[in-house]
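One structure below.
The values are calculated or read from the model by the stated rules, or taken from the named source; none is laboratory data. Every value quoted in this text rests on a predicted model; they were computed, and no experiment measured them. Cβ placement follows ideal geometry from the backbone for every residue including glycine, while neighbour counts extend to all protein chains displayed. Heads up: the accessible areas ignore ligands, DNA and RNA and are worked out on the full protein's heavy atoms, side chains in. Shrake-Rupley method; radii C 1.70, N 1.55, O 1.52, S 1.80 Å.
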2 protein chains.
Amino acid sequence: MRIREVASRSGLAPSAVRYYEQLGLLPEPPRTEAGYRVYPDVAIDRLGFIRAAQAVGLTLAEVRQVLGVRDAGEPPCRVVTDLIQRRHAEVRTKIVELRRLERDLAAVRARAATLNPRDCDPSGICHVIPSVASVRARAVGRKEVPDV
Amino acid sequence: MRIREVASRSGLAPSAVRYYEQLGLLPEPPRTEAGYRVYPDVAIDRLGFIRAAQAVGLTLAEVRQVLGVRDAGEPPCRVVTDLIQRRHAEVRTKIVELRRLERDLAAVRARAATLNPRDCDPSGICHVIPSVASVRARAVGRKEVPDV
DNA sequence: CTTGACATTCAAGCGTACTTGAAGGTCTAG
DNA sequence: CTAGACCTTCAAGTACGCTTGAATGTCAAG
């Protein structure tokens, strides 16, 4: 299998596969005489694992940890358990933060809905945005969702 | 007021204030003879607004939009309402995604807890990670939370 | 023999919001 | 007079996971 096939079978771009190899997530495959990479079937499984790990929010560095342990011949159960637990905590924290933010945004919208733009104070910028208490105290990130 | 004061009163680093000026969020202040920036009190309000807008998740580009309208002499109500509404939808979507992810992570942990590492299949990498249905279908981002 | 789809490497770019570093100037207190 | 706390500009670095571009090579089909 050459790179295009292994990539598309895994839902990746060839460039991503090369990138993973560069990061040490994927072992260097044998080459044809012309220098083309030729992958064994098992590469599909490995890429599948990488995708699944990313899908639960592990970074590529973390995935590398897991693969490193596995490649060393040991079961990575312990590492995986730790990483998943940490990630779980992160996600729960983030949900709490986003819920608060959601509440704030709803409050801002409600406030905006009661106001007439004609009454807008031209000496400020927009009093409706800084109007909610918790907005003044914290913030939550953006960042969209990578597809798998 | 020089840059250090305006920055610390706004909870920012001086470099951030210069950066905002560079992006056009903050008008160029007058200078002392030595070239030091000297800010009027109203700069504090403007920086406060920027922080509040960021706290609800608006990007600096979006903040610039709002400030641009305001600086053009118009009330930015319409722009603000639109941006907030969009942002609100994003946040709600993200909460849904994170909730699903949280559920998956809990499932992965539960599954891991029932297994003995001795039974780990050495031919795979770690079957526990790709074990959850929705993990195979989608992913949710990481990205931590900027403090305000 | 040519076209076109594929492959290679390497460096650089993207987005976001900044920070850091280098090299230097200014100002106040002791 | 000097230390040190502050200011200036400009370019480059950070995180993260890739993609893109340039320059080039390979290979099968028509």
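How big a patch of accessible area, both sides summed and in Å² to the nearest 100, lies buried between A and B at a 1.4 Å probe?
5400
For label points placed 7 Å from Cα toward Cβ, what is the shortest-first list of nm distances from B:Pro40 to its copies?
Computed spacing set for this position: 7.3 nm.
Looking only at other chains, what is the average number of their beta-carbon atoms within 10 angstrom of each beta-carbon in A:43-55?
So the per-residue partner count for this stretch is 4.
Note the direction-averaged projected area, equal to a quarter of the hull surface, for the Cα convex hull of the protein assembly as shown, in nm². Walk me through the numbers on the way to the answer.
Details: hull surface 83.5 nm².
So the mean shadow area of the Cα hull is 20.9 nm².
Defining a contact as two alpha carbons under 8 Å apart and six or more residues distant in sequence, what relative contact order in percent does chain A show?
Worked out over chain A, it gives 16 percent.
Quick one: check the C-alpha center-to-center distance for the range B:18-70 versus the range A:60-99, whole angstrom.
40
Give the accessible area for B:Thr59 in Å² (nearest 10); use a 1.4 Å probe, count only protein heavy atoms, and leave out ligands, DNA and RNA.
Number for this one is 50 Å².
Any idea what the A:Gly24 label distances to the other copies are, label 7 Å down the Cα→Cβ vector, nm, shortest first?
Result for A:Gly24, in nm, nearest copy first: 4.5.
What dipole magnitude, in Debye to the nearest 20, does chain A give about its Cα centre under +1 on Lys/Arg Cβ and -1 on Asp/Glu Cβ?
460
For the range B:3-71, what relative contact order do you get, as a whole percent, if you take Cα pairs closer than 8 Å and at least 6 residues apart?
26
Can you give the FRET efficiency to the nearest 0.05 for B:Ser8 and A:Ser134, using r as the Cβ-Cβ distance and R₀ = 25 Å? Please list the in-between numbers first.
On the way: r = 23 Å, r/R0 = 0.90.
Efficiency for this residue pair is about 0.65.
Give the nm distances, rounded to one decimal, from A:Ala110 to the matching residue in every other copy, measuring between label points 7 Å along Cα toward the beta carbon; shortest first.
3.4
Over all residues in B:103-109, what is the mean tally of Cβ atoms on other chains that come within 10 Å of each residue's Cβ?
Partner Cβ neighbours, averaged per residue: 5.
Compare B:Ala43, B:Ala16, B:Ala113 in a GNM of chain B, Cα atoms joined below 10 Å, and give the one with the largest fluctuation.
The residue that fluctuates most here is B:Ala113.
Between B:Arg109 and A:Arg99, what is the FRET efficiency for a Förster distance of 22 Å, r being their Cβ-Cβ separation, to the nearest 0.05?
Values: r = 22 Å, r/R0 = 0.99.
Efficiency, rounded to the nearest 0.05: 0.50.
Taking the solvent-accessible surface of protein heavy atoms with a 1.4 Å probe, what is the per residue accessible area of the range A:3-74 in Å²?
52
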